[in-house]
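See structure below.
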Amino acid sequence: DQQVKQNSPSLSVQEGRISILNCDYTNSMFDYFLWYKKYPAEGPTFLISISSIKDKNEDGRFTVFLNKSAKHLSLHIVPSQPGDSAVYFCAASADAGNMLTFGGGTRLMVKP
Amino acid sequence: GAVVSQHPSWVICKSGTSVKIECRSLDFQATTMFWYRQFPKQSLMLMATSNEGSKATYEQGVEKDKFLINHASLTLSTLTVTSAHPEDSSFYICSAMRLAGWNEQFFGPGTRLTVL
């Protein structure tokens with residue numbers, strides 16, 4: 001049973017537009033969420049995180065929104081750049097120091 | 001800061017041999033390290049949690065006698081794939097957890113294992 005789901009395996013966006021990547025979870029014990037970016041044959045790179053006490057966290061072009069009642073989070077990238085093309089994983093944990101459960105990933109392609 | 005390295009980055013071995021992968025936290029101490037496995041076009045799957053000075057905790061379905069994990073120091077954890085077979089070919093990634101405010105995991109660059 002997948003506790004963290006990314007229902008869109010891929011997403012294509014035009015450069016300069018907004019990219020919205022979605023993630024849903026089922027475990028109500030999750031209270032810390034992270035987004036990672038991954039290039040082929042490389043380890044994931046941390047992008048941004050959010051704890052359950054917040055509903056929004058912003059860092060430059062990246063904003064993560066959390067809707068606890070819907071058990072849904074999203075990553076907004078604006079404006080999107082070709083260098084953002086990668087696979088994005090959302091991850092969740094039951095506390096900040098606990099193991100991470102990853103979603104299946106969404107491949108983002110930003111076209112020039 | 002917060003750099004994690006893995007060695008080797010790429011290894012090819014014959015079926016039946018053992019392969020050791022090292023994971024090092026270069027500029028911080030990590031009491032906990034995690035080992036993940038990624039199959040092509042699939043997500044990261046946690047294999048085991050490694051705590052310094054104690055036995056690793058393996059996830060369900062992961063053979064502890066096949067995937068030996070040693071976390072002998074606060075900066076080094078090793079994963080040994082024993083008697084490797086072609087189905088063990090995969091991309092293995094470690095992460096190290098830094099105790100600083102929110103406990104953060106930092107990922108290594110991964111090791112591509114190909115078993116012939």
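Results, tabulated for the structure shown:
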item: In sequence order, calculated HN-Hα J values of segment B:12-17 (Karplus, 6.51, -1.76, 1.60; Hz; x Gly/Pro); result: 10, 9, 7, 4, x, 8
item: Scattering profile of segment B:49-95 at q = 0.21, 0.25, 0.29, 0.32 Å⁻¹ [log10 I(q)/I(0), Debye over alpha-carbon scatterers]; result: -0.77, -1.03, -1.25, -1.36
item: Debye-sum result for the protein assembly as shown in log10 I(q)/I(0), which assumes one identical scatterer on each alpha carbon, at q = 0.08 Å⁻¹; result: -0.29
item: Chain B: relative contact order as a whole-number percent, Cα under 8 Å and 6+ apart; result: 36
item: Distance cut-off 20 Å, percentage of C-alpha pairs in segment B:24-116 lying past it; result: 33
item: Positive minus negative residues near B:Val115 (Lys, Arg vs Asp, Glu; Cβ under 9 Å); result: -1
item: DSSP beta bridges in chain B [antiparallel fraction, %, rounded to 5]; result: 90
item: Within straight-line cross-link reach of B:Lys20, lysines at Cα separation under 23 Å, skipping those fewer than 8 residues along the same chain; result: B:Lys55, B:Lys64, B:Lys66
item: Value of D in µm² per second that Stokes-Einstein yields for segment A:59-112, Kirkwood Rh from Cα pairs, at 25 °C (0.890 mPa s); result: 191
item: Alpha-carbon gyration tensor eigenvalues x 5, square-rooted, for chain A, Å; result: 22, 15, 12
item: Most positive-pole-ward Cα, B:Ser18, B:Thr78, B:Leu44, against dipole of chain B from beta carbon charges; result: B:Ser18
item: Compactness of segment B:26-79, expressed as Rg and Dmax over alpha-carbon positions, Å; result: 11.7, 34
item: Cleavage-rule hits, chymotrypsin sites (Phe, Trp or Tyr not before Pro), segment B:11-116, DSSP coil, Cβ neighbours within 10 Å at most 13; result: B:Trp102
item: Reachable lysines, given that their alpha-carbon falls under 20 Å from the alpha-carbon of A:Lys56 and they are not under 8 places away in the same chain; result: A:Lys5, A:Lys37, A:Lys68, A:Lys71
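Every number in this text was worked out from the coordinates using simple rules, so none of it is lab data. What you see is a predicted model, and the numbers here were worked out from it, not measured in a lab. All Cβ positions, even for glycine, are placed from backbone atoms using ideal geometry, and neighbour counts span all protein chains on display.
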